[in-house]
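Undergrad: Let me begin by handing over the structure; questions about it come next.
Read-outs throughout are calculated quantities, based only on the coordinates presented, and are distinct from any laboratory measurement. Computed from a predicted structure; not experimentally measured. Every residue, glycine as well, gets a Cβ built from its backbone with ideal geometry; the counts of neighbours run over all protein chains shown.
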Amino acid sequence: MPEKWFPELKRKGLLTYGIVIAGLLGLALILLSSFRPERQETPEPAPDAAQAAYQETLEAQLTEMLGAMAGVGRVKVLVTLGGSEEYCYAQAGERTVSGDQVRSSNTYVTVGGASREPLLESVSHPVITGVVVACEGGGGNSVREAVYHAVGVACGLPSSQIFVTELG
């Protein structure tokens with residue numbers, strides 16, 4: 001039965017209109033889909049090896065320092081970091097002024113023979129966002145106060161970002 005419809009639709013020109021309308025509907029759906037916000041799952045970024053090594057170094061240094069304090073006893077330290085390591089490369093710039101226009105251009109300073117790698121100027125470590133300390137003497141007020149003060153000075157943190165508790 002459908003085989004008989006196509007010649008009749010062709011004759012009336014409806015087949016062409018149908019194809020054009022179907023194409024336009026398809027384009028409209030594609031256009032509408034670009035306006036719909038995409039659901040993006042933000043995966044938890046895995047800390048890179050350099051950040052993990054930095055975190056372990058900080059924890060080891062704090063553990064050693066706090067363990068040497070009077071009344072602290074055994075100690076465990078957890079350091080949380082925000083952000084990631086950032087590398088700053090040396091740049092050379094040129095600035096030209098011509099009438100009302102100011103043009104500037106920056107290029108990286110490179111070192112090395114054939115490899116031509118950019119010159120690393122500085123590395124900024126991730127920001128310490130908090131420290132948790134569990135120690136045997138953490139139940140006493142004087143020890144707890146000394147730990148808060150020591151961690152605050154060592155890490156540059158306010159006491160609101162430090163938590164001290166007794167080791168269980």
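Undergrad: Pull out a ≥ b ≥ c, the square roots of the eigenvalues of the alpha-carbon gyration tensor of segment 59-139, then state rounded if a/c is under 1.5, prolate if not and a/b is larger than b/c, and oblate in the remaining case.
TA: Here segment 59-139 falls in the prolate category.
Undergrad: Tell me, 48, 100 in order of fewest to most beta-carbon neighbours within 10 Å?
TA: Lowest count first: 100, 48.
Undergrad: Hey, another quick one. Between residue 50 and residue 136, what's the calculated FRET efficiency when r is the beta-carbon distance and R0 is 41 Å? Round to 0.05.
TA: 0.80
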